[in-house]
Each structure stands twice: as structure tokens, then as C-alpha cells.
1. Which listed residue (TYR20, GLN6, PHE118) has the Cα farthest towards the positive end of the charge dipole for segment 2-121, taking +1 on Lys and Arg C-beta and -1 on Asp and Glu C-beta about the Cα centre?
2. Just subtract the alpha-carbon distance of GLU214 and PHE29 from 0.36 nm times their residue separation and send over the number in nm, one decimal.
3. Between TYR61 and ASN105, what is 0.36 nm times their sequence separation minus the Cα-Cα distance? Round to one decimal in nm.
4. How large is the helix-only mean residue ellipticity at 222 nm for the chain, computed as the sum of -39500 (n - 2.57) over DSSP H runs with n ≥ 4, divided by its residue count, in deg cm²/dmol to the nearest 500?
5. Considering the alpha-carbon set of the chain alone, what are its Rg and its Dmax in angstrom?
6. Which of the listed residues, TYR61, GLY147, LEU222, is farthest toward the dipole's positive end in the chain, when Lys, Arg count +1 and Asp, Glu count -1 at the beta-carbon?
7. Beyond 19 Å, what percent of the Cα pairs of segment 1-111 remain?
8. So for LYS213, LYS157, fewest C-beta neighbours within 10 Å to most, what's the order?
Amino acid sequence: MQLIFQDPFSSLNPVHNIRYHLARPLQIFGHARGEREVTEQVLALLRRVSLSPAEQFIEKYPHQLSGGQRQRVAIARALAVQPEVLLADEPVSMLDVSIRLDILNLLLRLKDEEKLAFLFITHDIASARYFAEDTLVMYAGQTVEGGPSDEIIQEPKHPYTQLLLSAAPDPERIQAGAGSKELTARGEIPSLITPPTGCRFHPRCPHAMPVCKERFPGRTNLGNGHWTNCYLYGAGDESPKTDTSVAQGAD
């Protein structure tokens, strides 16, 4: 497993050139030996992430590259160790809007060509729909809905998923005007140090019931791989062993 970090401006060491960044993992993991072999593989990595002509980039330093070029170098560094899984943490959020699609398309191409599995973390539900086959929605460390990405986008069930989608730009919703139905949440995002009991979204949920405060709902299967943890759809086909919480820092 390798990581692609959110900020390409800080994930690369400014005192080392691109050759150093890509050569180190090749040497440490024993994928290249000798200066000639290292140089050949560094150039090949640059070409794989569409940095061409590669010879013009190998001796440059991070400050001499654009944000998109830096992120491509960071992706190449992750590929250097021949991973099976890439964990991409908001890999396009720090980039100019005009080049985000190029990076997403690069990752999709690498996924197919390299047979890689991706865990793509994002707050941008449009990017999730474009990139991911399956989407998992989390709120304050709890998983609340999951399934095929198109299913989640077209038929969101959990109120938090509906809220996320209502906040995303949608020309058709703008054209609908005052007649369209808007979903609003109450209050503020909860503290993750002392989170609410039960479903952590209940203080803000427009459909909250007394039971939501008492315990976290089990998983309700909705068909076609789509599921949710919400009492609006019953107590759940699967009762959670705890509260299905994960790392406290997630939202």
C-alpha cells in the first residue's frame, strides 16, 4: 500500500530534485540497482504519469513545477514501489479546477493499466461519483450509507447523504427554482472528542426520532448492494456490534 497525499506542495522535499524523490523508493525496495537502471526506471515512471519529455523533469526541483506536475510526481513516487493498493487522500482538492479532471483521468488510467485498488477519500461527492465504483458515506466517524456510486447519487437514503447532494451544484435544481425541495440541517458539526450518543447526525437531522439519540441503527439492505444505517428504513437487517464507528477524525 502507498499513499497519495492531499497537498503536493508539502509532500515533496524542496531540497531534493525529482530524480531523488523517485530513485529513493526504487533503491530502498530493491527494484533498481546501478545508476543506469535507476535513471531508466525514473524516466519510465515520469512517462507513466504523463510528464513528457521525461528528461526535462528529472533534474528539476519541486518549486520549478506546477501543482499538477508536483502531484504527478507524487503519484509516480507511489507507483515506484509497485503497490497493489493506493490510498488517495483528497488528491485533487489542492489543485486548480482546470487540471483536476486530468489527474482523476490519470488515476483511472493507472487503475486499469496497473490493476490497482484505490481507496479514494474526498469531501467532493461529484469526484466520488466520477471516480469510484462504490461509495461509502461517513459522518463524524460513523458509516451511514454505502453502495454503488450511481445508486448513492441517484437514490440517496440517509438524510446526511441527501444533505451532501443538496449542497453540490446542480443546474437542474437551480432551474427548478422555488418549487424544488431543499433539505436543511440544524446546528453545528459535533465535537469528535465528546460525540453525540446514538446516531451522531441526530442533533442536525430534520427527521430525527427519539430512538436516534439512544442507539445507532443497524444496517438496512435496500437491494442492489445499497444499504444504510437509518431508522427511517427500520431498525436494520444487521444489528451493529458496537456503533460501527471508525477513526474519530473522519467525517
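Derivation of every value follows stated rules applied to the coordinates shown; laboratory data play no part. Predicted, not measured: the structure shown is a model, and the values here were computed from it. Cβ sites come from the backbone with ideal geometry, for glycine too, and all protein chains shown count toward neighbours.
1. Of the candidates, TYR20 comes out farthest on the positive side.
2. Working: separation 185, 0.36 × 185 = 66.60 nm, distance 5.03 nm.
61.6 nm is the gain from fully extending GLU214 to PHE29.
3. Stretched fully, the TYR61-ASN105 segment lengthens by 13.4 nm.
4. Values: 9 runs with 89 residues, N = 251.
Helix contribution divided over all residues of the chain: -10500 deg cm²/dmol.
5. In order Rg, Dmax, the Cα atoms of the chain give 21.8, 68 Å.
6. Of the listed residues, the answer is TYR61.
7. Values: 2397 of 6105 pairs.
Tail fraction, whole percent: 39.
8. On the way: LYS213 13, LYS157 21.
Final ranking by Cβ density, sparse to dense: LYS213, LYS157.
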